[in-house]
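Report on the following structure.
Derivation of every value follows stated rules applied to the coordinates shown; laboratory data play no part. No experiment lies behind these values; they were computed from the predicted model shown. Neighbour counts run over all protein chains shown; Cβ positions are idealised from the backbone, glycine included.
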Amino acid sequence: MSEDTRPIAINAAEVPARTKPSNYPEPFASRMQGREKHPLGDLFGLTNFGVNLTRLAPHAVSSLRHAHTKQDEFIYILQGYPTLHTDEGRTVLSPGMCAGFKAGTGNAHHLINETAEDVVYLEVGDRTAPDEGQYPDDDLQALLVEGKWKFVHKDGTPY
């Protein structure tokens, strides 16, 4: 999209969802069923950070539980009652609540929709490189290589 065709403002709920639901390799990608991300920042040509309007269907998860080495993340709950799972345990969130995840702490996190209603939230993350994603619950490691995520087993062998 060129600068001339970028919108001035948009209705976030009308932005199409990503066509590829997950970058994870199998068997992890299929665990992201019920998650729908609408990339907002990309529409405006933002390159320093990303913004997504994300919807979790009942019993869906935001991601595998992970921590970044270089990239900070932030979420703001708009609708529903997701459970935030971090190294400290589980916390039920509600509309208006937010949480931030500082890079380099090793504190892994993700949201789980354990309810029968949709959860909607904004997620914001910076795009600092080089970055790595650590997944304490899964045999997975993510490496940001030339702007693309590369996934390997914890022993370094590729998927």
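Considering only DSSP states other than H, G, I, E and B, which trypsin sites (Lys or Arg not before Pro) in the range 116-159 qualify as loop sites with at most 14 other Cβ atoms within 10 Å?
On the way: sites: R127, K148, K150, K154; in loops: R127, K154.
Counting only loop positions with at most 14 other Cβ atoms within 10 Å, the trypsin sites (Lys or Arg not before Pro) in the range 116-159 are K154.
Taking the Cβ-Cβ separation of T115 and E26 as r and a Förster radius of 35 Å, what is the calculated FRET efficiency to the nearest 0.05? Each step should come with its number before you reach the end.
Values: r = 27 Å, r/R0 = 0.77.
That gives a FRET efficiency of 0.80.
Enter the mean projected area of the convex hull around the alpha-carbon atoms of the range 1-108, in nm², rounded to one decimal. Kindly include the intermediate steps, with their values, before the conclusion.
On the way: hull surface 31.9 nm².
Orientation-averaged projected area of the Cα hull: 8.0 nm².
For I8 and Q33, FRET efficiency with R0 = 35 Å and r from the beta-carbon atoms, rounded to 0.05? Walk me through the numbers before you get to the answer.
Numbers: r = 35 Å, r/R0 = 0.99.
My answer for the efficiency is 0.50.
Pop a pseudo-label 7 angstrom from the Cα along the beta-carbon direction at both N48 and F74 and give the gap in nm to one decimal.
Each label point is offset 7 Å from its Cα along the Cβ direction, giving 1.2 nm.
For the range 104-157, run through the chymotrypsin sites (Phe, Trp or Tyr not before Pro) and keep only the ones in DSSP coil with at most 10 other Cβ atoms within 10 Å of their Cβ.
On the way: sites: Y121, W149, F151; in loops: none.
Answer in residue order: no site qualifies.
In the range 65-159, if every C-alpha pair distance is counted and binned at 5 Å from zero, what percent goes to each bin?
3, 13, 21, 21, 18, 13, 8, 2, 0
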